[in-house]
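Written out below as structure tokens is the structure these notes cover.
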Amino acid sequence: MQLQRAVGQTYGQRALIIGATSPVPYVGTSSSTKAKERPFARLSATAEAFESIFFGDREEADRVLTGVRRMHTRVQGVLPRDEGRFPAGTPYDAFDPQLMLWTMAVLADSSHACFEALVRPLTVDEREELWQDWVRFGELFGMPREVAPVTADAFDAWMEAHLSGPDFHVTEEARAVGRAIAHDMPVPGRLRIGTRGTNLVVVGLLPPRVRDAFGLSWSPAHAAGHRALTAAARASQRVVPDHVRLGRNTRLFRIIAATERKVIAAGGTTIELPVN
């Protein structure tokens, strides 16, 4: 399956929000990077890095993987306070196999959800192929294959167990960051209408428990708009040229990151974090 631009523009946004429902990796990343102060730079840089691996040659992919591994060496420590069922002192490490699995899992789940909403349903074989591709993707970053569910069906059950289980917890900071990612993507004025549509698609593809945890409102009117937008996206597959539908989203990612930098350079902020 070729990478659809519409999927590339949405799955990372959804994945970051769902990823923040697991407090240990969220706090670890937040405490070790500038992700919380510049969430959109992180989203854009991560998405661009992944597309380098998807589309680039071996040299480009290896360069990205080396940079990510170097960054991950800084992500280790312990929870400073109780978060859900995880007590203060719980360790985190970017190279923990279970945390690596979680990071890959939210991407895999989101790519599946966004593809089916915006392109078409996957066959059983395609769903299995997609999951195995993501397992291989995780391995490139150092995730041991044996920690991953063996099949796509097993993965779906594993993901559902987290989203409905006791490990699910959204910190106060994660809630603020997630809401900003869902609603406040920094873009120039000419792109804001399109961004509002993208946000509606992403929020509509979140499981209800996730929407509720982040305080993201969802009404019958929202649902109707979501159905219309996703139906239009699927219908467009028949008429939009391949060079428009397929490929990298580098230009968009860089516009988002540049807009956030301008806001911060002017003394503003793209997110209001809670005071500890």
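Quick one: grab the alpha carbon gyration tensor of the stretch 170-240, order the square roots of its eigenvalues as a ≥ b ≥ c, and give me rounded if a/c is under 1.5, else prolate or oblate depending on whether a/b is larger than b/c.
Working: a/c = 2.53, a/b = 1.48, b/c = 1.71.
Taking the square roots of the gyration eigenvalues as a ≥ b ≥ c, the stretch 170-240 is oblate.
How much solvent-accessible surface does M143 expose, in Å² to the nearest 10, with a 1.4 Å probe and all protein chains in place?
Approximately 10 Å² for this residue.
Run the quick spin-label model on R175 and H243: label points 7 Å from Cα toward the beta carbon, then report their separation in nm to one decimal.
In this crude label model, R175 to H243 measures out at 4.9 nm.
Dipole magnitude of the chain about its Cα centre, charges +1 at Lys/Arg Cβ and -1 at Asp/Glu Cβ only, in debye to the nearest 20?
Working: 33 positive and 31 negative charges, 265 e Å.
In debye, rounded to 20, the chain gives about 1280.
Ratio of Rg to Rh for the stretch 3-118, alpha carbon only, Kirkwood? Walk me through the numbers before you get to the answer.
Values: Rg = 14.8 Å, Rh = 15.1 Å.
Using only Cα positions, Rg/Rh for the stretch 3-118 is 0.98.
Using only protein heavy atoms and a 1.4 Å probe, report how much of D212 is accessible, in Å² to the nearest 10.
For D212, the solvent-accessible surface is approximately 120 Å².
Starting from one equal scatterer on each C-alpha and no solvent at all, send me the Debye-based log10 I(q)/I(0) for the chain at q = 0.13 Å⁻¹, two decimals.
Those come out to -0.90, one per q.
Enter the accessible area of I181 (Å², nearest 10), with the probe set to 1.4 Å and all protein chains included.
Estimated to the nearest 10 Å², I181 gives 10 Å².
From largest accessible area down, sort T123, T21; use a 1.4 Å probe on the protein chains.
The ranking, largest first, comes out as T123, T21.
Per residue, how large is the accessible surface of the stretch 84-170? Use a 1.4 angstrom probe and give square angstrom.
Details: 4010 Å² over 87 residues.
Per residue, the stretch 84-170 has an accessible area of 46 Å².
Heavy atoms only, probe 1.4 angstrom, no DNA, RNA or ligands counted: give me E160, E260, E139 ranked by accessible area, highest first. Write down the numbers at each step before the final one.
Numbers: E160 105, E260 5, E139 55 Å².
From most exposed to least exposed: E160, E139, E260.
With a 1.4 Å probe and all protein chains left in place, how much of the accessible area of the stretch 32-174 comes from carbon and sulfur atoms, in whole percent? List each step's numbers first, then the result.
Values: 3920 of 7220 Å².
Reported share for carbon and sulfur atoms: 54 percent.
The values are calculated or read from the model by the stated rules, or taken from the named source; none is laboratory data. What you see is a predicted model; the values in this text were computed from it and never measured. FYI the Cβ positions are ideal-geometry reconstructions off the backbone, even for glycines, and counts take in every protein chain you see. What goes into the accessible areas is simple: the full protein's heavy atoms, side chains included, and nothing from ligands, DNA or RNA. Shrake-Rupley method; radii C 1.70, N 1.55, O 1.52, S 1.80 Å.
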